[in-house]
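A short worksheet on the structure shown next.
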Amino acid sequence: MSLSIHLLILVSLGVVAVMGNNYKPPTPYQPKYEPKYEPEIPACSKNTTKNWCLEDSEYPTYEVIYELDKHYEAVVALYKNVVAETANSVDTLTKLVDETYLCPSATSYVQPLRAVNTKGKWRVIINKVESYGIKYDQHARIEECEADAAGKACPLVPTCYESKCLQKSIYHRFLVHDPTDYYFPFAIETFKFPASCACFIGAFTL
């Protein structure tokens with residue numbers, strides 16, 4: 001075998017060795033994640049004057065259930081945290097009891113599908129869906145002063161006392177769905193709901 005052939009073989013082996021040390025397999029194609037943003041003002045808000053929706057024709061049921069199944073254990077832990085650390089008024093109570101009201105009001109237990117959080121953002125609330133046998137139900141007790149009661153004198157208080165009906169609110173914690181978070185699209189956020197129509201009693205006057 002001639003010297004030129006030997007040299008050619010050695011050069012070829014050196015090239016292969018260099019390529020072997022520096023070779024990196026091509027990165028497989030990964031499509032860019034495009035989060036599905038919910039509208040800043042959902043369509044359901046057009047049918048109500050409240051900061052929450054009890055009905056929502058655009059509720060992302062399929063997407064929510066898919067993500068609940070995907071993140072089962074972590075979501076269950078969050079949901080248990082909401083249930084365990086939240087007062088009865090936002091637990092799973094669904095019936096009203098006899099109460100005496102000094103101011104006229106309307107009371108109900110609701111399951112909001114969307115609501116405005118304390119930062120002023122509409123959020124999708126995990127409600128009326130099921131994943132692996134777990135039913136996600138989140139309630140809120142709502143009590144609102146009647147339209148002609150807020151700011152007026154308490155009707156059951158003697159007129160010799162200064163009085164006024166005032167709308168009071170309370171903060172509720174809800175498990176919400178945030179599709180913009182690719183890794184874990186769930187969180188616990190805080191919401192403000194009307195809780196009572198209180199009667200403020202002031203000075204006694206003759």
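Which of the following residues is of a type in the set (Gly, Ala, Ser), surrounded by 12 or more Cβ atoms within 10 Å (Cβ to Cβ) and on the phi < 0 side of the Ramachandran plot: Ala140, Ala147?
Going through Ala140, Ala147 in turn, just one is of a type in the set (Gly, Ala, Ser), surrounded by 12 or more Cβ atoms within 10 Å (Cβ to Cβ) and on the phi < 0 side of the Ramachandran plot: Ala140.
When you scan segment 181-206, how many residues do you find that are among the aliphatic types (A, V, I, L, M) and open to solvent by less than 40 Å² (accessible area, probe 1.4 Å)?
The number of residues fulfilling the criteria is 3.
Filter segment 44-58 for residues that are open to solvent by less than 30 Å² (accessible area, probe 1.4 Å) and outside any helix (DSSP H, G or I); which is nearest to Lys128 (Cα to Cα)?
Going through the qualifying residues, I end up with Asp56.
Take the residues in segment 150-172 that are in contact with a Ser or Thr (Cβ under 7 Å, 6 or more places away or on another chain) and not in a strand (DSSP E or B); name whichever of them is farthest from Phe191 (Cα to Cα).
Among residues in segment 150-172 that are in contact with a Ser or Thr (Cβ under 7 Å, 6 or more places away or on another chain) and not in a strand (DSSP E or B), the one farthest from Phe191 (Cα to Cα) is Cys160.
With the condition kept exactly as written, say whether any residue in segment 176-199 is of a type in the set (Val, Ile, Thr) and over 13 Å from the mean Cα position of the chain (by Cα).
Scanning segment 176-199, I find no residue that is of a type in the set (Val, Ile, Thr) and over 13 Å from the mean Cα position of the chain (by Cα), so the answer is no.
Pairs, please: C-beta under 6 Å, at least 6 apart or cross-chain, first residue under 11 Å from Ile134 (Cα atoms) and in segment 65-78, second modelled with pLDDT of 95 or more and open to solvent by 30 Å² or more (accessible area, probe 1.4 Å)?
Close Cβ pairs satisfying both conditions: Tyr72/Tyr132.
Yes/no matrix, rows are residues, columns are (1) within 30 Å of Tyr161 (Cβ to Cβ); (2) open to solvent by 10 Å² or more (accessible area, probe 1.4 Å); (3) outside any strand (DSSP E or B); (4) modelled with pLDDT under 95:
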| site | (1), (2), (3), (4) |
| --- | --- |
| Val97 | yes, yes, yes, yes |
| Cys103 | yes, no, yes, yes |
| Val116 | no, yes, no, no |
| Gly120 | no, yes, yes, no |
| Val124 | no, no, no, no |
| Asn127 | no, no, yes, no |
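The values are calculated or read from the model by the stated rules, or taken from the named source; none is laboratory data. Being a predicted model, the structure only gives us computed values, none of them experimental. For neighbour counting, all protein chains shown are included, and Cβ atoms are generated from backbone atoms with ideal geometry for every residue, glycine included. To get the accessible areas, we keep the full protein, side chains included, count just its heavy atoms, and leave off ligands, DNA and RNA. Shrake-Rupley method; radii C 1.70, N 1.55, O 1.52, S 1.80 Å.
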